[in-house]
Amino acid sequence: MTDTPKRSFLRPGKIILLLLLALLAYAVALVVWMPAGWVWSQAAPRVQLPQGVQVQQVSGSLWQGAAGLRIQQRPVRMTWALSWPDLVELRQPLDVTLETVSSRVAGDVMLGWPASVAVDATGRIHVPEFEAMIRQAGGALLEGDVIIDRLRLSATDSGLQSATGSARWPGGEVSWPMGDTRQTTVFPPMQATLTDSTRGIFLTVSEQGRPDPAADATITYSGMMEVRVYKRMVDLAGQQWSTSAAPGDVIFQVQQPLVPGGRF
């Protein structure tokens, strides 16, 4: 009878496997616990933020953290939480929340390789919170909150690829500039729908429950914006207009560049 030769437990194959597992555990721990502030300090010189956006403070870890932003001079708090990456599709999902004093938008963000992003969000915008910005732009000021039921965006390094969504406003007082004064009236509940078109992004504003538009806008992929206002909007505002005009007649139309010099 011959003795079976004893085999060492720590054979070269097992040693290599244990080393690989240790390196993997170290890499995961590094991502989970790496300070987000340190990461931002290294990346900031290479990141070109949109105009009017500033990052003032970053805390937490790369896996789960928060940042203090200023967007158009308004303080905004952003929080994020990473999920496990999809190594097959080369995608990184994360949850992102943007909050101001009275507004909140939250959603799922999918970052793809090499340069793509998809957003699926909902939220609530307290319009009076942005009164100064709206007045400066000469826009209409709404009473109360605009509720974003759904907003889906996708973009690559070449620009925005698609945008769809819907929002609603429960109605109330609306004011807008008229010469040196502001006109004020009460509107019924309104809704807005964002869809893709062959030319770009199409936005429709109408009274809730009614398909006919009170106003619409097309934002082309070349960076142009076309806005049309129908007599139906004047009727909703209770303003006087020619009796010969039908509700579906366009009473105001303008076209102008939204993004100077190219695609957005």
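Across the chain, the mean sequence separation of Cα contacts (distance under 8 Å, 6 or more residues apart), normalised by length, yields a relative contact order of 8 percent. For Arg199 and Trp113 in the same chain, what is the full-extension length gain: residue separation times 0.36 nm, less their Cα-Cα distance, in nm? Net length gain for the segment: 28.3 nm. Distant-in-sequence amide contacts of Glu143, defined by a placed amide H-H separation under 5 Å and a gap of 5 or more residues or a different chain, comprise Glu173. Magnitude of the Cβ-charge dipole of region 111-231, K/R +1 and D/E -1, about the Cα centre, nearest 20 debye? Roughly 180 debye for region 111-231. Result for the chain in a Gaussian network model with C-alpha springs under 10 Å: among Thr243, Thr185, Thr218, the largest mean-square fluctuation is at Thr243. When the chain is treated as a GNM, springs tying every alpha-carbon pair under 10 Å, which of Ala67, Ala43, Ala121 comes out with the largest mean-square fluctuation? Maximum fluctuation in the GNM of the chain, among the listed residues, is at Ala43. Of the whole protein surface, Leu90 contributes about 90 Å² of accessible area at a 1.4 Å probe radius.
Charge dipole of region 22-142 (Cα centre as origin; +1 on each Lys and Arg Cβ, -1 on each Asp and Glu Cβ, all else neutral): 380 debye, rounded to the nearest 20. In a reduced charge model with +1 at each Lys and Arg Cβ and -1 at each Asp and Glu Cβ, the chain shows a dipole moment near 980 debye about its Cα centre.
Taking Kirkwood radius over Cα pairs in Å as the quantity of interest, determine which of (i) 21.6; (ii) 25.8; (iii) 22.5 was computed from the displayed structure. Of the labelled values, this structure produces (iii).
Summed over the residues of region 50-131 and divided among them, the accessible surface reaches 62 Å² per residue at a probe radius of 1.4 Å.
Would you compute, from DSSP H runs of 4+ residues alone, the mean residue ellipticity of the chain at 222 nm, taking -39500 (n - 2.57) per run and dividing by the full residue count, rounded to the nearest 500?
Values: 4 runs with 44 residues, N = 264.
Computed mean residue ellipticity for the chain: -5000 deg cm²/dmol.
A probe of 1.4 angstrom, applied to the heavy atoms of all protein chains, finds Thr79 with accessible area near 40 square angstrom. By accessible area, using a 1.4 Å probe on protein heavy atoms only, the chain has 60% of its surface on carbon and sulfur.
Say a paramagnetic label sat at a point 7 Å from the Cα of Gln48, along Cα to Cβ; which residues of region 148-189 have their backbone N under 19 Å from it? Label zone hits: 155-161. The angle between the Cα long axis of helix 12-33 and the longest principal axis of the Cα atoms of the chain comes to about 30 degrees, rounded to the nearest 10. Result for the chain in a Gaussian network model with C-alpha springs under 10 Å: among Ser154, Ser242, Ser59, the largest mean-square fluctuation is at Ser242. Label sites at Asp120 and Leu87, each approximated as a point 7 angstrom past Cα along Cα to Cβ, lie 2.4 nm apart. Normalised by the number of residues in region 119-264, the mean separation of alpha-carbon contacts (under 8 Å, six or more apart) gives a relative contact order of 15 percent.
Building the convex hull from the alpha-carbon atoms of region 120-264 and averaging its projection over directions returns 9.7 nm². Simple rule: put +1 on each Lys or Arg Cβ and -1 on each Asp or Glu Cβ in the chain, find the dipole, and look at Ile251, Leu236, Val88; the Cα lying farthest toward the positive end is Val88. Taking label points 7 Å from Cα along the Cα-to-Cβ direction, Thr185 and Ala155 give a separation of 3.5 nm. With a cut-off of 10 Å between beta carbons, the residues surrounding Pro128 carry a summed charge of -4, where Lys and Arg count +1 and Asp and Glu -1.
The values are calculated or read from the model by the stated rules, or taken from the named source; none is laboratory data. Predicted model, so just to flag it, every value in this text is computed and none were measured. FYI the Cβ positions are ideal-geometry reconstructions off the backbone, even for glycines, and counts take in every protein chain you see. Ligands, DNA and RNA are stripped out before the accessible areas are found, and what is left, the full protein with its side chains, is counted by its heavy atoms. Shrake-Rupley method; radii C 1.70, N 1.55, O 1.52, S 1.80 Å.
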